[in-house]
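Trainee: A single structure is presented below for examination.
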């Protein structure tokens, strides 16, 4: 089947007359052949797509980069094709390597341009030979099933459709097409530089493999198609697992029920962790990172954590595993304070990021409070007219003097003893009177006396309630006090 006919059928299946095709064109043989084919098909009736836009990404890394940009611009002007040049800055010191950094910058530039057009579709000129090199590269890096499934002919990137209409074709077929139609192109001089792994594979490894399997491109195409089907199935199963074991109490934070996760097949565990990590960044995750998170989930104990790329952290907090952006470990969170006068307002709501606290004030005779034992860790009573200072985000290094304890204790130690998950600690209210801590609802009351005098006179009984989702999250500790909460 002819190159042009293959591309026509591909476009009929994946593109329609509303789409603007954004062609990534470097000026090399592959992308120029794709441009020539698309230009020829632009006159089809009915139309296969709305319009063409050529985008040349200038990386600024090669001496002849300006020559390539001038070539693409000149060709498009001659042919009457819309063309846009985008200059990007590539991080030459990237841990992923300069090739990967350039690719990341290139894809980001193409996506940004595409979003400015109606119904955009990005088209890239990868072919069978590129797929062989990609699979080999990922194999050398220890990729799993998803990585070894290679590039997809149709995918999404940052919400924009990305197609590779030449992926089923060999390099030889494209070269023959370019020769037949006199398609001009430029040569990238760095393609002969064996310091780049992809070049070494293309120039030395793939030819040796082709001696053993002359149809290595077609064989790899069939292999990746099969692996992509398997990958899709496992991804769908992992999404089902996500729905049953993961929730997102706040943006950028995932909470996973550990026991339910590790009860699933290890393949689904890895896939789910990969899906969650991809929510923070699409690249930069290795099998080492995924296994570190799995080990964290499998290990019983108190709290532990692992640092991951992109400022992401995974931590175990008793029965749950969390994945989210790591917080700076300064030892002092930014505290917020609400001043509450129960005599003026009998109810108060204080919101943390995932916890909602409600405080209620009931006016009673002091002797009735004592007679009916209206005391406990979820209640205190204070004089009428007192103002309560309710703080969130207090440093865990702050010390208080719990009632009945001969001495002081750090908030950190109180939280640990009560098995309060780390994600809740900065959201746990510290209640003070005149700057002195009197109460951590549900945890401790302190030795600070808030009511003095005789049994006569009125006081406010202050009751604290936590929202249901947070109560269930904390688990064992709150089950022991649930009766008090519900009264």
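Bear in mind that the values in this text are calculations on the coordinates, not laboratory data. In this text, all values refer to a predicted model and were calculated from it rather than measured experimentally. With ideal geometry, Cβ positions are generated from the backbone for all residues, glycine too; neighbour counts draw on all protein chains shown.
Trainee: For the stretch 231-325, calculate the relative contact order in percent as a whole number, restricting contacts to Cα pairs under 8 Å that are 6 or more residues apart.
Mentor: Once divided by the residue count of the stretch 231-325, the mean separation gives 28 percent.
Trainee: Could you give me the radius of gyration and the Dmax of the stretch 3-212, taking only the C-alpha atoms into account and expressing both in angstrom?
Mentor: 16.9, 49
Trainee: Here's something else I'd like to know. Roughly what angle does helix 216-245 make with the longest principal axis of the chain, taking Cα atoms, 0 to 90 degrees, to the nearest 10?
Mentor: 20 degrees
Trainee: Between helix 128-140 and the chain, what is the angle of the helix's C-alpha long axis to the longest principal axis, kept within 0 to 90° and rounded to the nearest 10?
Mentor: 40 degrees
Trainee: How many percent of the alpha carbon pairs in the chain exceed a separation of 42 Å?
Mentor: Cα-Cα pairs in the chain separated by more than 42 Å: 41 percent.
Trainee: Helix 29-41 sits at what angle to the longest principal axis of the chain, using alpha carbons and giving 0 to 90 degrees rounded to 10?
Mentor: Its long axis makes an angle of about 80 degrees.
Trainee: Still on this structure, please answer the following. How compact is the stretch 1-124 by the rule of thumb for globular proteins, expressed as Cα Rg over 2.2 N^0.38 Å?
Mentor: Ratio of Cα Rg to 2.2 N^0.38 Å: 1.10.
Trainee: Right, another one. In the stretch 336-438, what is the volume of the convex hull around the alpha carbon atoms, normalised per residue and reported in Å³?
Mentor: So the per-residue hull volume is 117 Å³.
Trainee: Further question: To check my understanding: the extent here is largest minus smallest coordinate of the Cα atoms along each principal axis. What are those three numbers for the stretch 231-325, in Å, largest first?
Mentor: Cα spread of the stretch 231-325 along its principal axes, largest to smallest: 35, 28, 26 Å.
Trainee: Can you tell me what share of the DSSP beta bridges in the stretch 3-212 is antiparallel? A percent to the nearest 5 is fine.
Mentor: 20 percent
Trainee: Based on DSSP H runs of at least 4 residues, each adding -39500 (n - 2.57), what is the mean residue ellipticity at 222 nm of the chain after dividing by all its residues, to the nearest 500 deg cm²/dmol?
Mentor: Computed ellipticity for the chain at 222 nm equals -12000 deg cm²/dmol.
Trainee: Over the chain, what is the relative contact order in whole percent, taking alpha-carbon pairs under 8 Å and six or more residues apart?
Mentor: That works out to 10 percent.
Trainee: Okay, moving on. Any idea what the relative contact order of the stretch 3-212 is, in percent, if you count C-alpha pairs under 8 Å spaced at least 6 apart?
Mentor: 24 percent
Trainee: Averaged over all directions, how much area does the convex hull of the C-alpha atoms of the stretch 167-272 cover when projected, in nm²?
Mentor: For the stretch 167-272, the mean projected area of the Cα convex hull comes to 11.7 nm².
Trainee: What fraction of the DSSP beta bridges in the chain is antiparallel, stated in percent and rounded to the nearest 5?
Mentor: Around 75 percent of the beta bridges assigned by DSSP in the chain are antiparallel ones.
Trainee: May I pose another question? Using 0.36 nm per residue of separation minus the Cα-Cα distance, give me the extension gain between residue 356 and residue 18 in nm, one decimal.
Mentor: 117.0 nm
Trainee: Ranked highest first by average number of other Cβ atoms within 10 Å, how do 191-202, 260-271 line up?
Mentor: Going by the mean number of other Cβ atoms within 10 Å, highest first, we get 260-271, 191-202.
Trainee: Given bins 5 angstrom wide, list per bin the percent of all Cα-Cα distances in the stretch 102-238, short to long.
Mentor: Result, from short to long distances: 2, 9, 14, 20, 21, 19, 11, 4, 1, 0 percent.
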